[in-house]
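To start, the structure itself, in structure tokens.
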Amino acid sequence: MGAFSRREFLMACGFAGAASVVSLLSACSNNGTNTGGTYTFTVVSGAVLVESDPKTGVYKYDKKCQACGWESKNPITVKGTSVSTSFTCPQCHFNQKVEINVTKS
Ligand SMILES: [Zn+2]
């Protein structure tokens, strides 16, 4: 079921780093005020949206392997910014990009 390899992945290179990046992004974007626009979220690759709020721009995503379908099931929260990163699937070791485009109109 991939439990061991997932844990190994988390410890090796995954969510500790990702979490601090998200914190940083949240901190940086807090000076922007919501002026009533609508956010649009587009997953380009390597992820699946768990939640998204078009008013605040806050969304959560899981990493998803394009090769075998593995999902992180440990949502990362982002506020109003696009994501461009990469990860190596703990199940099949496929290295891939995570790209989510966020636009506001
Ligand atoms: Zn995979």
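Please treat every number below as a calculation from the coordinates, not as lab data. A quick note: this is a predicted structure, and the numbers were derived from the prediction, not measured. Glycine gets a Cβ as well: all are built from the backbone with ideal geometry, and neighbour counts include every protein chain shown.
Of the strands (runs of 3 or more DSSP E) lying entirely inside the range 59-105, those containing at least 3 residues that are more than 9 Å from the ligand (Cβ to nearest atom) and buried (at least 17 other Cβ atoms within 10 Å of the Cβ) span 76-79, 95-104.
Contact annotation: residue pairs with Cβ atoms under 8 Å, 6 or more positions apart or on different chains, pairing a residue in the range 57-71 that is farther than 23 Å from Thr40 by Cα with a partner that is more than 9 Å from the ligand (Cβ to nearest atom) and assigned to a loop (DSSP other than H, G, I, E, B), are Trp70/Gly2. When restricted to residues that are among the hydrophobic types (A, V, I, L, M, F, W, C) and assigned to a loop (DSSP other than H, G, I, E, B), the range 47-58 contains 0.
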